[in-house]
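K.L.:
Okay, here's the structure, questions in a sec.
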Amino acid sequence: MIRSFIAIEIPDFIRSHIADLQDEMRRFHAHVSWVNSGNIHVTLKFLGDIRESLVPQIGDVLGEISSHTRPFTITIENLGFFPNAKRPRVLWVGVTDRQQLKTLYNEIEDGLSHLGFSREKRGFTPHLTIGRVRHPGGIEEVVARMQTLSFQPGSFEAKEVVLIRSTLKPTGAVYNPLGRFEFNGD
């Protein structure tokens, strides 16, 4: 079995801005597990544990979708919390230009449903997870600071979708691409 997901990777200059933000938030000593900036991405579909034999079929679906998808711009801005600022469990950076992302997401959901993957029941809210709250102690200061920041590291062109293997280790998840599917639409 392979633990996997489908994502759009983000460029290094945005990772660098996020790492600086995380460093600033660490000074509050809240009980947050900060995501390694090298692992931050826009998740389109978490697949969970899949049989290795499904990888080529998933690749076929992603290849077909990518063949008619045009590259598009994604803007990273704003900060937020799931489910809310009063009881945050996930700290995130926002992703705008959602229409093209939502179209891509819906096509992936449709294509993979034919392979037996369940459709996501929650609505699609594109974001970059930067931290997970492990205990509420001390989180108020982080939330207060995040609410006062204007975070706008920039935009980038999404040119591909990636099928990624996630291997869980005591030091954190290690991600390895299983396939890259370049957008080739006209």
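K.L.:
Looking at this structure, is Gly138 in contact with a Pro (Cβ under 9 Å, 6 or more places away or on another chain) and either at pLDDT 90 or above or not charged (D, E, K, R) (or both)? Break it down stepwise before answering.
P.N.:
Numbers: in contact with a Pro (Cβ under 9 Å, 6 or more places away or on another chain): no; either at pLDDT 90 or above or not charged (D, E, K, R) (or both): yes.
Considered against the rule, which asks whether it is in contact with a Pro (Cβ under 9 Å, 6 or more places away or on another chain) and either at pLDDT 90 or above or not charged (D, E, K, R) (or both), Gly138 comes out as no.
K.L.:
Checking the condition open to solvent by less than 40 Å² (accessible area, probe 1.4 Å), among the hydroxyl-bearing types (Ser, Thr, Tyr) and without any contact (Cβ under 8 Å) to a residue 60 or more places away in the chain, which residue from Thr125, Thr96, Thr103 passes? It would help to see each step written out before you state the result.
P.N.:
Numbers: Thr125 fails: open to solvent by less than 40 Å² (accessible area, probe 1.4 Å); Thr103 fails: open to solvent by less than 40 Å² (accessible area, probe 1.4 Å).
Only one candidate qualifies: Thr96.
K.L.:
Still on this model: Check whether at least one residue in region 150-163 is without any contact (Cβ under 8 Å) to a residue 60 or more places away in the chain and part of a loop (DSSP other than H, G, I, E, B), and report yes or no. Don't jump to the end; show me each part of the working.
P.N.:
Taking region 150-163 as the starting set, the residues that turn out to be without any contact (Cβ under 8 Å) to a residue 60 or more places away in the chain are 150.
Now drop any that are not part of a loop (DSSP other than H, G, I, E, B), which leaves 150.
Scanning region 150-163, I find at least one residue that is without any contact (Cβ under 8 Å) to a residue 60 or more places away in the chain and part of a loop (DSSP other than H, G, I, E, B), so the answer is yes.
K.L.:
Now a separate question. Just the residues that are out of contact with any strand residue (DSSP E or B) (no Cβ under 6 Å at 6 or more places or on another chain), crowded, with 19+ Cβ neighbours inside 10 Å and of a type in the set (S, T, N, Q), please, taken from region 53-84.
P.N.:
The answer is Thr69, and nothing else.
K.L.:
Just give me the residues in region 158-186 being over 20 Å from Glu64 (Cα atoms) and open to solvent by less than 40 Å² (accessible area, probe 1.4 Å), in sequence order.
P.N.:
Ser166, Gly172, Ala173
K.L.:
Does Ile6 meet the test of being closer than 17 Å to Val162 by Cβ, touching a strand residue (DSSP E or B) at 6+ places or on another chain (Cβ under 8 Å) and in contact (Cβ under 8 Å) with a residue 24 or more places away in the chain? First the steps, then the outcome.
P.N.:
Values: closer than 17 Å to Val162 by Cβ: yes; touching a strand residue (DSSP E or B) at 6+ places or on another chain (Cβ under 8 Å): yes; in contact (Cβ under 8 Å) with a residue 24 or more places away in the chain: yes.
Yes.
K.L.:
With the requirement that a residue be in contact with a helix residue (DSSP H, G or I) (Cβ under 6 Å, 6 or more places away or on another chain) and either part of a strand (DSSP E or B) or surrounded by fewer than 17 Cβ atoms within 10 Å (Cβ to Cβ) (or both), what does region 131-149 give you? Write out each step before concluding.
P.N.:
So the first thing to find is which residues in region 131-149 are in contact with a helix residue (DSSP H, G or I) (Cβ under 6 Å, 6 or more places away or on another chain), and the list is 133, 142.
Across region 131-149, the qualifying residue is only Val133.
K.L.:
Restricting the search to region 1-39, which residues are open to solvent by less than 40 Å² (accessible area, probe 1.4 Å) and part of a helix (DSSP H, G or I)?
P.N.:
Ile14, Arg15, Ile18, Ala19, Leu21, Gln22, Met25, Ser37, Asn39
The values are calculated or read from the model by the stated rules, or taken from the named source; none is laboratory data. These numbers were taken from a predicted model, which means no experiment stands behind them. Cβ atoms come from the backbone with ideal geometry, glycine included; neighbour counts cover every protein chain shown. Only protein heavy atoms, including side chains, enter the accessible area calculation; ligands, DNA and RNA are left aside. Shrake-Rupley method; radii C 1.70, N 1.55, O 1.52, S 1.80 Å.
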